[in-house]
Amino acid sequence: DQIAAVTFTENAATTMKLRLRERLEATRVDSSLSPDERGRAGAALEVLERANVSTIHALCAAMLQERPLECGVVPGFRMADEAEADMLFARAWEEWLGERLTHGDDVLLEALDLGVPLEALSTWGERSSLRGLARVLLEQRDLEPLVAEAPFDPAAAREELRAKAARARALCDGVQEGDALADRLAAFVQHVESAAFMEGTKLVEHILSPPSVPKNFGHRPRWPSVEALEEARGLAAWVKESAERWSAALGADVHGRLVRALTGVTTLYEGHKTERGVLDFLDLLVKTRDALRDRPAVRDYFQRRFRYLIIDEFQDTDPLQVEIARLLTGDRPGALVVVGDAKQSIYRFRRAEVRFFRELAAGARTTDGGAVLHLKQNFRSRPAILRFVNRVFAELIEESEPADQPPYEPIDPPPGLSD
């Protein structure tokens with residue numbers, strides 16, 4: 001009960017515990033061993049069910065149940081399964097949306113004007129809707145949303161346009177009639193001047209729809225100098241670039257305001273969970289992390305409670321799970337043992353980051369009490385197959401720090417097995 005063994009799935013945890021029981025039972029009746037060793041195996045079998053062999057979520061649930069008040073959870077809480085969590089989210093979304101539509105919401109109306117749907121017509125389009133954004137914010141509520149800090153200022157954009165229009169007018173004064181670039185710049189000047197008294201949505205739409213001014217237009221003989229023509233072409237390129245830049249700024253501004261508004265869905269969701277006395281799967285991780293990080297008494301207790309933490313499939317852990325592991329083990333040499341293979345990291349869509357595995361291995365090589373052991377023996381393939389695999393993949397898999405790609409390590413065949 002001083003060891004916490006964590007693996008990726010409940011099925012794997014069950015298999016691990018069954019294998020441990022089989023080994024202990026075999027040891028207990030092995031007459032070739034000493035009575036003391038057989039006795040230790042028997043004693044271990046009596047308390048085997050107290051061993052913490054589970055998923056990371058189950059381990060966190062056990063820790064929260066052991067010290068609920070100090071961890072900030074309701075004693076005797078129960079887990080909300082996926083269906084119940086979906087139901088609570090749907091209720092929170094409908095309440096939030098109903099209130100916004102009833103009382104009016106400028107940012108909601110602006111999103112609709114921009115073509116952002118409230119809800120998707122199919123599951124495939126969920127992520128591109130406001131409801132989908134609310135769910136993403138809920139599922140990643142342990143992270144600070146990345147939003148634009150400065151709002152889009154259409155008045156400042158208009159002043160910038162006026163300065164460029166004045167320069168375009170000056171450049172076109174010395175150009176002979178019939179030049180396509182000068183004609184387009186003249187249209188640009190008129191476009192800017194017509195926005196002098198516009199405000200609000202109309203001004204924004206006007207700023208984001210300037211006339212097209214191709215930068216490759218302009219006939220050299222019609223311009224007073226090469227420098228004037230090049231400056232005019234640069235101004236034409238600026239017209240296109242500025243419209244794209246302001247469009248992106250407006251989108252970022254709307255996104256930021258939507259994110260801030262949609263946090264209300266998360267607040268309602270949290271309230272519904274509290275009323276029912278339930279936690280969801282992310283709560284298990286977040287509340288455990290918060291308790292270990294913010295409460296020294298809780299952290300000290302569980303560091304004494306679990307002398308060793310063993311984690312399988314470590315390449316698939318996300319930053320939150322890694323933080324919990326580090327808080328639980330501290331800097332004690334040998335307290336954290338992980339097994340993994342960086343080449344098998346496939347869960348980036350679940351926020352898994354293989355760099356944590358590589359950083360941990362690099363640190364273990366240079367830390368007193370740390371070590372890296374390479375498990376290279378294959379138990380499933382014959383030597384001829386492994387020779388082919390080693391030859392091919394030694395060339396295909398190249399080490400890359402930017403891509404978090406480790407070098408290829410040759411696989412050894414089982415001893416005594418023929419081709």
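For a test of the definition: using alpha carbon positions, the gyration tensor, and the 1.5 limit on a/c, classify the range 370-416 as rounded, prolate or oblate. In terms of gyration-tensor shape, oblate. Using C-alpha pairs under 8 Å with a sequence gap of at least 6, the mean separation divided by the residue count of the chain gives a relative contact order of 17 percent. Nearest 10 degrees is fine. How inclined is helix 226-276 to the longest principal axis of the chain, computing both from alpha carbons? Long axis of 226-276 versus the principal axis of the chain: about 40 degrees. Take each peptide in 281-287, 85-91, count the other Cβ atoms within 10 Å of every residue, and average; sorted highest first, the result is 281-287, 85-91. Each Lys and Arg Cβ is given +1 and each Asp and Glu Cβ -1; about its Cα centre, the chain then shows a dipole of about 960 debye.
Considering all different alpha carbon pairs of the range 332-379, the Kirkwood hydrodynamic radius works out to 12.2 Å. If you take all other residues with their beta carbon under 10 Å from the beta carbon of A342, and give Lys and Arg +1 and Asp and Glu -1, the sum is +1.
From the Cα gyration tensor of the range 288-349, with a ≥ b ≥ c the square roots of its eigenvalues, which class applies: rounded if a/c is under 1.5, or else prolate if a/b is larger than b/c, or else oblate?
Verdict is oblate for the range 288-349.
The helix-only estimate of mean residue ellipticity at 222 nm for the chain, built from DSSP H runs of length n ≥ 4 each weighted as -39500 (n - 2.57), is -18500 deg cm²/dmol after division by the residue total. Tell me the net charge near F357. Cut-off is 15 Å between Cβ atoms, F357 excluded, with +1 for each Lys or Arg and -1 for each Asp or Glu. Result for the neighbourhood of F357: -4.
Between helix 10-28 and the chain there is an angle of about 20 degrees, using the helix long axis and the longest principal axis of the Cα atoms.
Multiplying the residue separation of T267 and L396 by 0.36 nm and removing their Cα-Cα distance gives an extension gain of 41.5 nm. Listed by chain and number, the lysines whose alpha-carbon sits under 18 Å from that of K164, ignoring those within fewer than 8 places in the same chain, are K215, K240.
Taking every DSSP beta bridge that has both ends in the chain, the antiparallel portion is near 5%. Take every Cα pair under 8 Å in the range 37-152 that's 6+ residues apart, average their separations, divide by the length, and report that relative contact order as a whole percent. Once normalised by length, the contact order is 10 percent. Ranking T266, A180, L143 by Cα position along the charge dipole of the chain, where only Lys, Arg, Asp and Glu carry charges on their C-beta atoms, puts L143 farthest toward the positive end.
Once the Cβ-Cβ distance of E241 and L146 is raised to the sixth power relative to R0 = 25 Å, the FRET efficiency obtained is 0.60. For R169 and L282, the FRET efficiency from 1/(1 + (r/R0)^6), where r spans their Cβ atoms and R0 equals 45 Å, is about 0.20. Computed from phi, the 3J(HN,Hα) profile of the range 297-309 under the Karplus parametrisation 6.51, -1.76, 1.60 (θ = phi - 60°) reads 5, 5, 4, 5, 4, 6, 5, 6, 5, 10, 6, 9, 10 Hz, with x in place of Gly and Pro.
Count Lys and Arg as plus one, Asp and Glu as minus one, and take only other residues whose Cβ is under 15 Å from that of G369; the net charge is then +1.
Partner lysines whose Cα lies under 23 Å from the Cα of K287, excluding those fewer than 8 positions away in the same chain, are identified as K273. If you plug the beta carbon distance of A26 and N378 into 1/(1 + (r/R0)^6) with R0 = 30 Å, you get a FRET efficiency near 0.75.
Here K376 is the anchor, and the lysines within straight C-alpha reach of less than 30 Å, apart from those fewer than 8 places off in the same chain, are K17, K343. Accessible surface area normalised per residue over the range 116-239 is 59 Å², counting heavy atoms of protein chains with a 1.4 Å rolling probe.
The values are calculated or read from the model by the stated rules, or taken from the named source; none is laboratory data. Given the structure is predicted, the values throughout are model-derived calculations rather than measurements. Using ideal geometry, Cβ is built from the backbone for each residue, glycine included, and neighbour counts are taken over all protein chains shown. For accessibility, only protein heavy atoms count, side chains too; no ligands or nucleic acids. Shrake-Rupley method; radii C 1.70, N 1.55, O 1.52, S 1.80 Å.
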